[in-house]
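Colleague: Right, I'll just put the structure down here and ask away after.
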Amino acid sequence: MSRPTLLVPRGPEAATVREASRRTATLVATVTWLLGAGTVVSALLPPIRGRMRVLTELVPLLGADTATAVAAALGVLLCYLAGGLRRRKRRAWLTAVAVTLLVAIAHLAKGLDVEEALASLAVLGLLVATRREFQAEGDPTSRWLVVRRFVQLAAIGTGLGLLMLQVYGDHVVGRPSLGMQLRHVLLGLVGVRGPLRFSGDRAADLVSAVLLAFGLLTAFSTAYLVLRAAEPVALLSGTDEQRLRELLARHGGRDSLGYFALRRDKSVVFSASGKAAVAYRVVHGVLLASGDPIGDPEAWPGAIAETLELARRHAWVPATIGCGELGATVWARHGLDAYELGDEAVLDLDTFSQAGRPMRGVRQAVSRIERAGFTAAVRRTGEIPPAELSELVSVAAAWRGGTVERGFSMALSRIGDPADPDCVVVTAHQDGTLRGLLHFVPWGEDGLSLDLMRRDRTADNGLNEFLVVSLADAGPALGVRRLSLNFAVLRSALERGERIGAGPIARAWRSVLVAASRWWQIETLYRFNAKFQPTWEPRFLCFPSARELPRIAVAALEAEAFLVRPRPLRGWLGRR
């Protein structure tokens, strides 16, 4: 069988080409932004009188005022387009070419600003000369983008309107308050004459024209994003889900996170042979994959190559979170760097025992729960009656409360779906009342991977330990020999920092992680996992370059729901 053809450049020469392309796009974006900012400044400043006298012989003052307003609005638009140019977006390049040409014309029409017009034409020439660098396709749209663009443009228009009133303050009658000025600007953005009066028609017409231009720019941009045909967002189709299940049936035992690829808010890329796939979601321009590729490891390079080609077409930053050592090795062969993100706690049920001093804390917790009258039940979800399963789902949701469901790489985000009959639910009851549950997804034929932990907050401490031990005891009857528990972020750093003789850097880093645990339970999950004396399996973050790490970190935190949008907007905006 022939080896799959890689669709991404490899080796130092390819890296040099990619770096040169990135630098070119950054240079063009910077120059375009400077032109946009300079255009806005030029539009706000009074014109040169001598040139205006010559211009008024050719163009009426109303036309010059309109050109000034258009130039100011187009300058802001160029600043926005610079972001798309930096990411090598083809649509941004096409728009920037047209806008730059219009800016050059507007500079001449508003005050015979020859220097600014020549600068615009120079930027236009640069855009045309580098056209081959801008081939990336557009990103999927969302309602969040619509709201964000509307708020940003409205805020910029308001700020520039207030600035214009200061620039032309000598022409304003009286000394209006800031509230009066703000009212005048807001009314001007929607084309209504405000309460301020000017000593000359020129200043009044110019301010009105600029405000109206920004209002129209805001309205047209918002309408375009609303009416634009929506591109596919992260969504696992029924066909893709079935193909993934077939791959998991043959190779699901390789990765404890494999089943989480079946989240329905993920997309998937298959290798050309169809023998491997990469599950991902795009967040803030980052193509974020999770876990190892699904399927035959020999076909992983083909799936990764297809994923990187997809990222290249859209100018997305490729990254993967939570992959194992083999997966990180294959990603590294395709040009990504790897960083150990933490460790996964794995229990081997063939050797697991509560005996011994290290397990004393677990034994005590389990004994305390048993004395309190708790009982456990371990069942496949397909064996639970529908009415009881529905009650479990409702109670679990109630225990979660109003917080957002966390998880992306290591969570399925559903319980009791008919498509998941092999999942396992471990429940704890006290006097017939449900007090806690754990939900596990299949890990091949003989393993389970923890999906979520829920409990009644009034239940006794030690309940989760009791549930884990109950599942370990019932494992042989279920044919389960391996349990994957929680993921411990930066476990080795916590462990090194608490050792005797640890250096100041190790101790300081541990202190930072402990402080962060107040919000993200970093230390809590590590301590819980460590109680069971597990085998620690490293998990990695793969990324293309260190400069992209901040962007990848924000995308990962939002995907995992550690960064959450404001609650008033959450329901309307939805999640991507």
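Colleague: May I ask you to give the percent of accessible area on the range 237-305 that is carbon plus sulfur, with a probe radius of 1.4 Å?
Modeller: Details: 1000 of 2160 Å².
So the carbon and sulfur contribution to the accessible surface is 46 percent.
Colleague: Along the range 312-325, what does the Karplus equation 6.51 cos²θ - 1.76 cosθ + 1.60 (θ = phi - 60°) give for ³J(HN,Hα), rounded to whole Hz, x for Gly and Pro?
Modeller: Couplings: 5, 4, 9, 6, 7, 8, x, 7, 9, 10, x, 7, x, 5 Hz.
Colleague: Between residue 419 and residue 473, what's the calculated FRET efficiency when r is the beta-carbon distance and R0 is 25 Å? Round to 0.05.
Modeller: 0.30
Colleague: Okay, moving on. Run the quick spin-label model on residue 298 and residue 129: label points 7 Å from Cα toward the beta carbon, then report their separation in nm to one decimal.
Modeller: 5.1
Colleague: By a straight-distance test (C-alpha under 19 Å), which lysines pair with residue 266 as possible cross-link partners, with residues fewer than eight away in the same chain excluded?
Modeller: 275
Colleague: In addition: Could you give the nm distance between label points at residue 351 and residue 397, where each point is 7 Å from its Cα heading toward the beta carbon?
Modeller: So the label points at residue 351 and residue 397 sit 4.3 nm apart.
Colleague: Apply the Karplus parameterisation 6.51 cos²θ - 1.76 cosθ + 1.60, with θ equal to phi minus 60°, to every residue of the range 425-437 and state each ³J(HN,Hα) to the nearest whole Hz, in sequence, with x for glycine and proline.
Modeller: Karplus-based 3J(HN,Hα) across the range 425-437 equals 10, 10, 10, 10, 10, 10, 6, x, 9, 5, 10, x, 7 Hz.
Colleague: Further question on the same structure: Just the number, please: carbon plus sulfur as a percent of the accessible area of the range 403-486, 1.4 Å probe, no ligands or DNA/RNA counted. Don't skip to the answer; put the middle values down first.
Modeller: Values: 1350 of 3020 Å².
Taking all protein chains in place, the range 403-486 shows 45 percent carbon and sulfur surface.
Colleague: Label residue 508 and residue 235 with points 7 Å out from Cα along Cα→Cβ: what is the distance between them in nm?
Modeller: Each label point is offset 7 Å from its Cα along the Cβ direction, giving 4.9 nm.
The values are calculated or read from the model by the stated rules, or taken from the named source; none is laboratory data. Since we're looking at a predicted model, the values are computed, not measured. Glycine also receives a Cβ, built like all others from the backbone with ideal geometry; neighbour counts cover every protein chain displayed. Accessible surface is based on the protein model in full, side chains and every heavy atom, while ligands, DNA and RNA are left aside. Shrake-Rupley method; radii C 1.70, N 1.55, O 1.52, S 1.80 Å.
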